[in-house]
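The values are calculated or read from the model by the stated rules, or taken from the named source; none is laboratory data. Bear in mind that the values here come from a model prediction, so they are computed numbers and not experimental data. Reconstructed Cβ throughout: ideal geometry from the backbone, glycine too, with neighbour counts over all protein chains shown. The area values use the complete protein model at the heavy-atom level, side chains included, leaving out ligands, DNA and RNA. Shrake-Rupley method; radii C 1.70, N 1.55, O 1.52, S 1.80 Å.
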Amino acid sequence: MPKRIRCHCGGKFSCQLCRGTGKYDYDPGPRGYVPFQCPTCEGKRNLTDDDGTSYPCPTCKGLGSVDPATPPPAGMWDVLTKIFFGA
Ligand SMILES: [Zn+2]
Ligand SMILES: [Zn+2]
């Protein structure tokens, strides 16, 4: 079963990974959680704005790859939900 992983971008429409939903599906393979190339910047780490300024990719935080094993920290409610409902 694919898991819903929280996206580092926090839900940006420019994000190619979650498409603005803030979460993406990840299906752990035989090797478990394996980092993959960031689809938003295609591993280039930075994005270029319309006016030519480059900024760190929100999806991978400028790393070029996304590690599904280390999603961004959850809010308090999210943590409690996880504890009580095992979501
Ligand atoms: Zn995203
Ligand atoms: Zn990226």
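Key figures for this structure:
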read-out	value
Net charge, Gly11 excluded, C-beta distance under 12 Å - Lys, Arg +1, Asp, Glu -1	+4
Net +/- balance of residues flanking Gly64 in space, Cβ distance below 10 Å, scoring K and R +1, D and E -1	+2
Hydrodynamic radius of the chain per Kirkwood, over alpha carbon pairs, in Å	13.7 Å
Per residue solvent-accessible surface (Å²) - the chain, probe of 1.4 Å	69 Å²
Segments 23-31, 60-68 sorted - mean Cβ within 10 Å per residue, highest first	60-68, 23-31
For the stretch 52-62, 3J(HN,Hα) per residue [Karplus equation, 6.51 cos²θ - 1.76 cosθ + 1.60, θ = phi - 60°, Hz, x = Gly/Pro]	x, 7, 9, 9, x, 4, x, 6, 10, 6, x
Local net charge near Ser54, Cβ-Cβ under 11 Å (Lys/Arg +1, Asp/Glu -1)	0
With every protein chain in place, the chain: carbon and sulfur % of accessible area (1.4 Å)	56 percent
3J(HN,Hα) from dihedral phi, the stretch 18-33, Karplus parametrisation 6.51/-1.76/1.60, rounded to Hz, x for glycine, proline	10, 6, x, 8, x, 9, 9, 7, 9, 10, x, x, x, 8, x, 7
